[in-house]
1. Rg over Rh of the range 241-382, using C-alpha atoms and the Kirkwood radius, what does it come to?
2. Round to the nearest 0.05 the FRET efficiency obtained for residue 438 and residue 155 when R0 = 22 Å and r is the Cβ-Cβ distance.
3. Within a 10 angstrom radius of the beta carbon, how do 90, 256 rank from fewest other beta carbons to most?
4. What ranking do 171, 411, 92 get, fewest neighbouring Cβ atoms within 10 angstrom at the top?
5. Please report Rg over Rh for the range 33-189, where both radii come from the alpha carbon positions and Rh follows the Kirkwood definition.
6. What is the calculated FRET efficiency for residue 37 to residue 372, with r their C-beta to C-beta distance and R₀ = 25 Å, to the nearest 0.05?
7. Which value in nm describes the separation of the simple spin-label points at residue 91 and residue 187, placed 7 Å from the Cα toward the beta carbon?
8. Suppose R0 equals 35 Å. What FRET efficiency, 1/(1 + (r/R0)^6) with r the Cβ-Cβ distance, do residue 389 and residue 456 give to the nearest 0.05?
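Readers should treat all values here as calculations from the given coordinates under stated rules, not as data from a laboratory. Predicted model, so just to flag it, every value in this text is computed and none were measured. All Cβ positions, even for glycine, are placed from backbone atoms using ideal geometry, and neighbour counts span all protein chains on display.
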Ligand SMILES: [Ca+2]
Ligand SMILES: [Ca+2]
C-alpha cells in the first residue's frame, strides 16, 4: 500500500474514531427543542399516602414491590386492589423528608422465583466503625451516616424475609445527592449509583466534590470507600470486586464509572446497554451511556464541553476559609477567592464521555431565569427503556421521570437529528419518582413523592401535589 493511502486510511480511521467518540446528533438540547404531547394512557390512582415511595418493581408473584424511603420499609401492593402488605421494616435512623436518606433503590435477583429469592436493597445506616471525614463532630447527625446494600432472603411460602446480610457497606451518604439506584446488568453484576453528596453547594458548599478522586489501594484494604462518591459501582452479589472491573489510577475497585453528580436513574436496554440519567447543577441534566472506566466529567463539566453557563468553581479550594464566604449558584458568579476552571480548560475534557442527551442546555449568552422552577433542569429521578410495541410512539425510547416538571421525557437513544428530540408528557401536579413498565407496555406504574415543588399545568411552580406518596396506574388508551 502506498504510504499516502496508508496515511489517508489512518486519518479516516482517526476521524471515524472521533465521530464515534463525539456525542449524538442532538446531544445538546435546548428547552425550545422539546415536543409536547399528550400521554396516550388513562390514569387511575391505586394508593396514596405512602411515605416517599422510591422504587417500584413488579415481582414474579404478581405484586408491586415498593420501597418507602422515609417509611423505612419494603412493601408488597396488590395491583388490583391496592392492598398493602409490609415485606420488611428496616431498623435505621429516623430520616427527614427533605434529606434524601432512608430506604432507596432495590433489585430482584435475576433468578428470583427460580431458586434464588433474594432482594438487594440500598439504604442509609449508622456505621459503628467508619466516620465521615468532612463531618468530624460526633454530634453531627451525619458523622456516622453511610449507605449500604443488603440482601434480603425471601421465603415465598411464608411470604416473609427470613434473613438479611450486608453485601457492600461504607458507601458515602449525606443529606443530599445519595443517588442510591441499583440494577442487575445482563452480565449478572450489580450496578449502584452513588451521588456527589451535594458537596460544593448549598449547606455543603465548603465540602469538596470527590467525583474525580480515585481510592488508593491502602484505602480499599482498610475498607475505606469514601472515594466512591460521584461514581457508579459494579460488584458481585456477595459484594466482591469483579475481576474484569476497570483499573483506574492503577487500582481496581468497585468503581465502574466516575465523574457523576447525582444519577438517580439507571436501567438496562434490551441489548444490555446501561443507561443512566443524572441531575445537572441548574442546566444540563444528562442521559449517559455507561461504559467501563468512563469518566463523565463532573464537577469539571456539566453536559457537553461547551463553556455554556457552567464553570467549576471549587469553594473548598478558596484562598480564604470558605466558611467566611456566602454561597451562591454558579450562574451568579463566584467570589474572587474561589478558583474557577472553564470546562474546556479542564485537562480531562478531551477524554471524558459526553452525554447522549442533555435536559437542557442553554446558550452561554441566553437570558435565563435561574430560579428553581425556571432553570433548564427537569429533576430526572429514574429511567426505563420502553421495549414494547403496545404504544408505538414510545417503542425503543428511554423514559425519564422528572420530579420538578411532573413529566415523562421520552427520547430515542438511536435517533439523530429532529428524530432525537425529547417528547415531554406532562402528567399533572405530581413529582414523579420512579416507573415500572408491565403487561407488554400496556400498563405503566408510577410512584410519586410525598412532598415538594412541581410545575402546574400553567408552568408555574407550586407545592400542592395532586397525589402525594401515590402509586399511579397508567393504562394504554
Ligand atoms: Ca457529565
Ligand atoms: Ca457544559
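1. Values: Rg = 16.4 Å, Rh = 16.4 Å.
Rounded to two decimals, Rg/Rh equals 1.00.
2. Values: r = 24 Å, r/R0 = 1.10.
My answer for the efficiency is 0.35.
3. On the way: 90 19, 256 25.
The order, fewest Cβ neighbours first, is 90, 256.
4. On the way: 171 25, 411 22, 92 17.
So the ranking, lowest neighbour count to highest, is 92, 411, 171.
5. On the way: Rg = 17.3 Å, Rh = 17.1 Å.
Rounded to two decimals, Rg/Rh equals 1.02.
6. Details: r = 25 Å, r/R0 = 1.01.
Given R0 = 25 Å and the Cβ-Cβ separation, E is 0.50.
7. Rounded to a tenth, the inter-label distance reads 3.7 nm.
8. Details: r = 33 Å, r/R0 = 0.95.
The calculated FRET efficiency here is 0.55.
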